[in-house]
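Every number in this text was worked out from the coordinates using simple rules, so none of it is lab data. Given the structure is predicted, the values throughout are model-derived calculations rather than measurements. Cβ placement follows ideal geometry from the backbone for every residue including glycine, while neighbour counts extend to all protein chains displayed.
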Amino acid sequence: MIKKLLVLAVLLAAGIAAVWFLWGSRPDDGSLTLYGNVDIRQISLAFEGSDRVAQMRVEEGDRVQAGQVLAVLDTRTARLQLAQAAAQVAVLEQSLLALRNGSRPEEIRQASAEVAAARAEVERSRLQLDRLQQAAASTGGQAVAGVELDNARAQMQVAQARLQAQRQAERLARVGPRREDIARAEAQLEAARAEQALLQHRIDLAELKAPQAAVVRARLLEPGDMASPQRPAYTLALTDPKWVRAYVDEPHLSRIRQGMAASVTTDSAPGSPIAGRIGFISSVAEFTPKTVQTEDLRTDLVYEIRILVDDPDDTLRLGMPATVRIDLAPAADGKDRS
């Protein structure tokens with residue numbers, strides 16, 4: 001029995017030595033194999049306003065396109081406010097139009113008529129004063145009291161002042177409104193239009209739209225819920241860009257460069273490689289993450305790289321393990337074939 005065990009041990013050692021020799025002495029095939037996981041960007045979409053959710057139009061797993069409406073808020077209150085703002089804008093527009101057009105011809109004619117009436121009143125007062133003065137002069141002051149003369153003079157002064165005021169009013173009617181009044185009306189109109197645009201913008205924001213093509217990962221609100229900027233309504237997974245996050249050790253770091261071609265395979269489709277390229281090489285070393293399986297020690301320092309892939313069929317999923325093969329032949333012979 002002891003001899004048999006010794007023979008088995010010798011044969012086992014010989015087999016191990018042979019395997020080590022065959023694999024250890026095998027020439028470098030000019031490629032680098034790495035292991036990583038698929039990574040994609042995600043978006044948490046939330047409404048900018050706080051209102052009641054009216055519609056949630058897509059479900060988990062649905063594919064959405066850029067600009068597609070995903071959810072809608074209740075906008076009845078905002079639309080009533082918008083109608084009120086539109087009416088205010090219309091009022092201010094008519095007020096500004098009246099100022100710009102100036103006085104109507106009828107208003108100018110009315111001012112001219114009032115000037116003529118004031119002039120006639122001045123003439124009547126002057127005639128009355130002249131008669132009283134002549135009567136007083138002819139009778140030596142006995143036929144006319146001094147009080148009557150004073151009243152006549154005062155009436156004439158009042159009439160002259162009224163005439164002067166009517167002349168100024170006529171001039172203002174012909175000149176029209178002041179530029180300052182028109183500028184103030186224009187500013188008030190612009191403020192009302194800005195308020196109207198703001199309300200319209202709020203109504204537009206009541207529609208939650210997809211920023212780009214993506215897949216719905218999670219639906220987090222339902223119709224009737226109260227939305228707010230702090231509560232996401234959907235979580236989207238972008239279909240582009242998509243990459244595999246892998247790690248390379250320092251000895252191989254000098255053999256890769258940004259833009260080098262690579263192929264990506266998964267356990268679910270080992271015979272269907274997906275083309276990719278190195279899009280990012282970290283400039284900072286880090287310890288090998290625990291989720292990464294490598295043939296070297298986990299405590300070795302490695303550098304993160306990202307292999308951008310073209311996956312139009314969307315076969316790669318977030319977190320999926322992937323194998324990356326990078327052809328090092330262009331770097332191995334010292335020539336840049338990119």
Open item on the list: What does the charge count around Phe280 come to, taking other residues whose C-beta lies under 10 Å from its C-beta (Lys +1, Arg +1, Asp -1, Glu -1)?
Closed with: +1
Open item on the list: If I stretch the segment between Ser268 and Asp62 completely, what's the gain in nm (0.36 nm per residue apart, minus their alpha carbon distance), one decimal?
Closed with: 71.9 nm
- [ ] May I ask for the net charge around Pro105, where only other residues with Cβ less than 14 Å from the Cβ of Pro105 are counted and Lys, Arg are +1 while Asp, Glu are -1?
- [x] 0
Task: Volume per residue of the C-alpha convex hull in region 81-200, rounded to whole Å³ - done: 121
- [ ] Please report Phe280, Phe47 as a ranked list, fewest other C-beta atoms within 10 angstrom at the top and most at the bottom.
- [x] Phe280, Phe47
Task: Contour minus Cα-Cα distance for Thr139 and Glu186 (0.36 nm per residue) - done: 10.2 nm
Task: R0 of 22 Å, Cβ-Cβ distance Val175-Ala113: FRET efficiency to nearest 0.05 - done: 0.75
Open item on the list: Quick check: the distance between the Cα centres of region 134-211 and region 80-100, to the nearest angstrom?
Closed with: 23
- [ ] Count neighbours as other Cβ atoms within 10 Å of each site's Cβ, and list the GluC sites (Glu not before Pro) in region 43-124 that are DSSP loop with at most 15 such neighbours.
- [x] Glu48, Glu59, Glu60
